[in-house]
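Note sheet for the following structure.
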Amino acid sequence: MSKIILLAAAAVAAMAPSSTPVVEPQADPLSTRSIFLTGVNLAGAEFGPPPRPGGPPAKHGVDYVYPSEAYVEGYKSPSYFLAKGMNTFRIAFLWERIQPKLMQGLDHAELARLARTVNTLARRGAWVILDLHNYARYEGKTIGSQDVTLEAFADVWKRLAATFKHNPKVLFGIMNEPYEMPTETWVDAANAALVAIRATRARNIVLVPGNGYTSAGLWASDVYGTPNAMALDKIHDPLQRIVFEAHLYLDHDGSGTNGECPSATLGVERLQPFTDWLKARKQLGFIGEFGAGTSDVCLEALSSLATTMLDNRDVLLGWTYWAAGPWWPVDYFSRIEPGEKSDAPQMRALLPHLGAPQTVGAMAPHLSAPEDGTARAIAR
């Protein structure tokens with residue numbers, strides 16, 4: 001074999017799951033309900049233009065970046081959030097970058113970046129959510145179409161689950177905000193992904209969103225088709241380790257595109273359809289995204305929402321605020337990155353609702369993927 005072939009073979013072997021014994025977590029949020037997951041979305045890896053056939057490839061570190069000090073010199077915000085009492089990070093990434101061709105292997109360099117980011121956070125004691133941030137689409141084509149089959153969606157999760165199943169601190173967020181598709185098709189896609197994940201013997205918690213941008217306020221609405229409150233009854237996990245994910249924003253239309261909040265009670269009102277359904281179905285939920293601006297009304301609304309989410313911890317596993325990350329402009333209305341000398345206003349509103357600060361290095365679960373990598377517009 002040539003030197004090049006030997007190096008390539010070594011790189012592939014490095015990506016394979018290790019036989020190192022798995023380090024079990026100290027507690028499981030599903031069985032130990034004293035654990036309430038609170039944290040932030042760390043954005044950056046989903047930035048830049050998504051890959052398109054024939055288009056120029058996006059460059060890591062130029063068009064997009066993984067939110068880790070390993071890739072952004074001096075980026076220490078994860079330690080800041082842990083010190084504030086948060087314990088969870090939701091990491092967005094793009095399907096087209098992690099799997100450049102459907103039904104084929106994952107990109108080694110991209111997977112290494114994702115694994116290194118996850119490694120760093122999990123070893124500090126955090127829970128980490130893998131967020132496939134694609135709105136139920138691949139190269140603009142909807143899951144369930146002829147071009148992006150249910151089998152293709154199941155395939156990417158089979159490969160991701162095989163890589164990360166050894167780390168019980170990782171949760172699988174199978175898709176960000178499906179929209180403009182039949183809810184029934186989304187249910188079929190989610191069930192296909194669940195079958196593929198469990199076929200790898202992964203026991204990780206799986207977050208399943210709804211249709212209609214997985215809006216908590218519209219959970220029982222039919223404006224996007226069959227309501228999530230009806231269709232998602234048909235979601236099935238043989239291990240019963242699923243949590244339903246909803247999103248909730250405090251601007252006038254709930255789109256998360258405006259920093260103005262019309263009411264201090266709006267968040268509590270928009271949460272209720274989701275929690276009512278969870279209680280009626282005896283299910284667990286998670287608020288994967290919520291956010292607001294910095295006005296007095298917005299901050300009061302954030303505080304009231306955080307209080308209500310904690311009050312509903314019998315059916316809510318927790319929440320992650322939108323958003324943090326190293327590349328956000330300072331004027332992004334819901335940005336919660338720390339200032340040089342002060343907390344963001346939204347952080348001050350959320351602080352009373354956080355737990356004890358996390359101990360850096362409290363957990364070091366085994367990861368099967370390597371730590372080292374090889375080799376601006378955001379669509380939220």
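Rounded to the nearest 500, the 222 nm mean residue ellipticity of the chain from helices alone is -9000 deg cm²/dmol, with -39,500 (n - 2.57) taken per DSSP H run of at least 4 residues. Taking Rg and Dmax of the Cα atoms in Å as calculated from this structure, the corresponding entry among (1) 19.7, 68; (2) 22.9, 83; (3) 20.7, 65 is (1).
Our estimate of slack between Glu184 and Ala109, defined as 0.36 nm per intervening residue step minus the Cα-Cα distance, is 23.5 nm.
For the stretch 27-72, the set of chymotrypsin sites (Phe, Trp or Tyr not before Pro) satisfying both a DSSP loop assignment and a count of at most 12 other C-beta atoms within 10 Å is empty. Beta-bridge orientation, the chain: approximately 5 percent antiparallel, per DSSP, counting only bridges with both partners inside. Restriction of the GluC sites (Glu not before Pro) in the stretch 237-297 to DSSP coil positions whose beta-carbon has at most 16 other beta-carbons within 10 angstrom yields Glu260.
Go through the stretch 273-302 and name the trypsin sites (Lys or Arg not before Pro) that are in a DSSP coil and have 10 or fewer other Cβ atoms within 10 Å of their Cβ. Qualifying residues, ordered by number: Lys282.
Highest mean packing first, where packing is the average number of other Cβ atoms within 10 Å per residue, the peptides 102-115, 315-328 line up as 315-328, 102-115. How would the stretch 116-221 be classified by its alpha-carbon gyration tensor: rounded, prolate or oblate, with rounded meaning a/c under 1.5 and the a/b versus b/c comparison settling the rest? Note, shape of the stretch 116-221 comes out prolate.
Every number here is computed from the coordinates shown, using simple stated rules; none is lab data. Since the structure is predicted, the reported quantities are computational estimates derived from the model, not experimental observations. Ideal geometry is used to build each Cβ from the backbone, glycine not excepted, and the neighbour counts take in all protein chains shown.
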